[in-house]
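Engineer: Quick one: the structure is below, questions incoming.
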Amino acid sequence: MTVVSYSALSGVKPMRSATVNLKRNSGRNNLGRITVRHKGGGVKRLYRMVDFKQDKYDIQGKIEAIEYDPYRSAFIMRVAYTDGERRYHLAYDKASVGDIILTSEKAPLKDGNRLPLSKIPVGYPVHNVELQPGKGGKIIRSAGSSTQVLAHEGRYAHLKMPSGEVRKVLSNNLATTGQVSNQEYSLTVIGKAGRKRLMGIRPTVRGTAMNPVDHKYGGGEGKQPRGTKRPKDIWGNVIGGRKTRRKKKWSNKLVVKKRVSKRNR
């Protein structure tokens, strides 16, 4: 079992004004019936309201603390602005208490600053990228992730995603420079079943270990072959390699290069 190093955290209590207690339904609908399997239990958690827009233009903010967020893989940072307001932001890699950050078209090219993609040079890593102006960052928000600016072409900037996909994003959309914090998250080894239960994840049973009434692959003495051409879930839907993206999705025109599957790498 391995854990992430929390030595960089400040060890302070979360801001009460930026926390809310979310009701957890554990994969149940309004009738109490399970609609999403393998969910339940878990420790109590407070939701931190993170500001993904960072729309306080030309107002400097000072990092007061680096904190843990149970609802996301990355760390968050408490930022105090010069006008007295405090907000939570996604912490960038190597962020430290006392650093100054800024959202502006004239912001210097320094990790943690937020500026339009048109002002960011080719080859620079960014995260928390907007897909629509003013809507706030929607992509590249998980621990250790970043996207690279490949080119500027007209109204669009070309971004290379972690999956290898090259995508066009409007040049006036905002992005935060640098990489998301907590790069070690991907190296975590859960180690035991109990730790998974504390995370709110219930056991997943293989279909071949079930009875015929419970799954398409159930039954038989010993280990049996699948008996079908393609892998299917408990309801008989094809899974495992089936493409789920709509062929006529509106954003297809923004994809310059499709991602490369792990099988073909």
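FYI, it's all coordinate maths here, none of it is from the lab. The structure presented is a predicted model; accordingly, all values stated were derived computationally and were not measured. Every residue, glycine as well, gets a Cβ built from its backbone with ideal geometry; the counts of neighbours run over all protein chains shown.
Engineer: Exposed loop GluC sites (Glu not before Pro) only (DSSP loop, at most 15 other Cβ atoms within 10 Å): please give the longest stretch of the chain free of them, not including the sites.
Structural biologist: On the way: sites that count: Glu85, Glu105, Glu165, Glu221.
Of all site-free stretches, the longest is 1-84.
Engineer: Using Cα pairs under 8 angstrom and six or more residues apart, how large is the relative contact order of the chain, in percent?
Structural biologist: Once normalised by length, the contact order is 17 percent.
Engineer: If you don't mind, there's one more thing I want to ask. Taking θ as phi - 60°, what are the ³J(HN,Hα) couplings along the stretch 134-149 by the Karplus curve (6.51, -1.76, 1.60), each to the nearest whole Hz, with x for Gly and Pro?
Structural biologist: Whole-Hz 3J(HN,Hα) from phi for the stretch 134-149: x, 8, x, x, 10, 10, 6, 10, 7, 4, x, 8, 6, 10, 10, 6.
Engineer: Also, I was wondering about something else. If you plug each phi of the stretch 239-247 into the Karplus form 6.51 cos²θ - 1.76 cosθ + 1.60 with θ = phi - 60°, what whole-Hz ³J(HN,Hα) values come out, in order, with x for Gly and Pro?
Structural biologist: For the stretch 239-247, the Karplus curve yields 10, x, x, 6, 6, 10, 6, 5, 5 Hz.
Engineer: List the residues, sorted by chain then number, that are 5 or more residues from Thr103 or on another chain and whose placed amide H is less than 5 Å from its amide H.
Structural biologist: HN-HN under 5 Å from Thr103: Asp58, Ile59, Arg114.
Engineer: Divide the volume of the convex hull of the Cα atoms of the chain by its number of residues and quote the answer in cubic angstrom per residue. Could the numbers behind the result be given before it?
Structural biologist: On the way: hull volume 48.9 nm³, N = 265.
Each residue corresponds to 184 Å³ of Cα convex hull volume.
Engineer: Apply the Karplus curve 6.51 cos²θ - 1.76 cosθ + 1.60, θ = phi - 60°, to the phi angles in the stretch 37-48 and return the couplings in whole Hz, x for Gly and Pro.
Structural biologist: After applying 6.51 cos²θ - 1.76 cosθ + 1.60, I find 6, 6, 10, x, x, x, 7, 5, 9, 9, 8, 8 Hz.
Engineer: Could you give the nm distance between label points at Ile59 and His38, where each point is 7 Å from its Cα heading toward the beta carbon?
Structural biologist: According to this spin-label approximation, the distance is 4.3 nm.
Engineer: To the nearest 500 deg cm²/dmol, what mean residue ellipticity at 222 nm is calculated for the chain from DSSP H runs of n ≥ 4 alone, each contributing -39,500 (n - 2.57), summed and divided by the residues? Working shown, then result.
Structural biologist: Values: 1 runs with 6 residues, N = 265.
Theoretical 222 nm ellipticity from helices: -500 deg cm²/dmol.
Engineer: Run through the DSSP bridge list for the chain and note the antiparallel percent, rounded to the nearest 5.
Structural biologist: On the way: 40 of 43 bridges.
Rounded to the nearest five, the antiparallel share is 95 percent.
Engineer: Any chance you could run the full-extension gain for Arg226 through Asn172? It's 0.36 nm times the residue separation minus the Cα-Cα distance, nm to one decimal.
Structural biologist: Working: separation 54, 0.36 × 54 = 19.44 nm, distance 5.13 nm.
Full extension of this stretch gives 14.3 nm more.
Engineer: Ser251 label point, 7 Å along Cα→Cβ, cut-off 13 Å on backbone N: hits in the stretch 175-215?
Structural biologist: Of the residues in the stretch 175-215, none has backbone N under 13 Å from the label point off Ser251.
Engineer: Could I ask something else about it? Grab the beta carbon distance between Glu153 and Asn30, set R0 = 35 Å, and tell me the FRET efficiency rounded to 0.05. Show your work: numbers first, answer last.
Structural biologist: Numbers: r = 47 Å, r/R0 = 1.35.
According to the calculation, E is roughly 0.15.
Engineer: For the chain, build the charge dipole from Cβ charges (+1 Lys, Arg; -1 Asp, Glu) around the Cα centre, then report which of Val79, Val43, Ile101 sits farthest towards its positive end.
Structural biologist: My answer, from the dipole projection, is Val43.
Engineer: Out of residues 5 or more away from Met210 or on other chains, whose amide H comes under 5 Å of its own, with H placed 1.01 Å from N in the peptide plane?
Structural biologist: Amide H neighbours of Met210: Gly219.
Engineer: Between Lys135 and Arg259, what is the label-to-label distance in nm when each label sits 7 Å out along the Cα-to-Cβ direction?
Structural biologist: The answer from the label model is 1.8 nm.
Engineer: Which part of the stretch 131-163 falls in the paramagnetic zone of Leu109, meaning amide N under 15 Å from the point 7 Å along Cα-to-beta-carbon?
Structural biologist: 148-152
Engineer: May I ask you to sort Met210, Met1, Met199, Met161 by Cβ crowding, counting other Cβ atoms within 10 Å and putting the fewest first?
Structural biologist: On the way: Met210 15, Met1 8, Met199 12, Met161 18.
Neighbour counts put them in this order, fewest first: Met1, Met199, Met210, Met161.
Engineer: Hey, another quick one. Quick check: pseudo-label points 7 Å beyond the Cα along Cα→Cβ at Thr208 and Glu184, how many nm apart are they?
Structural biologist: 3.7 nm
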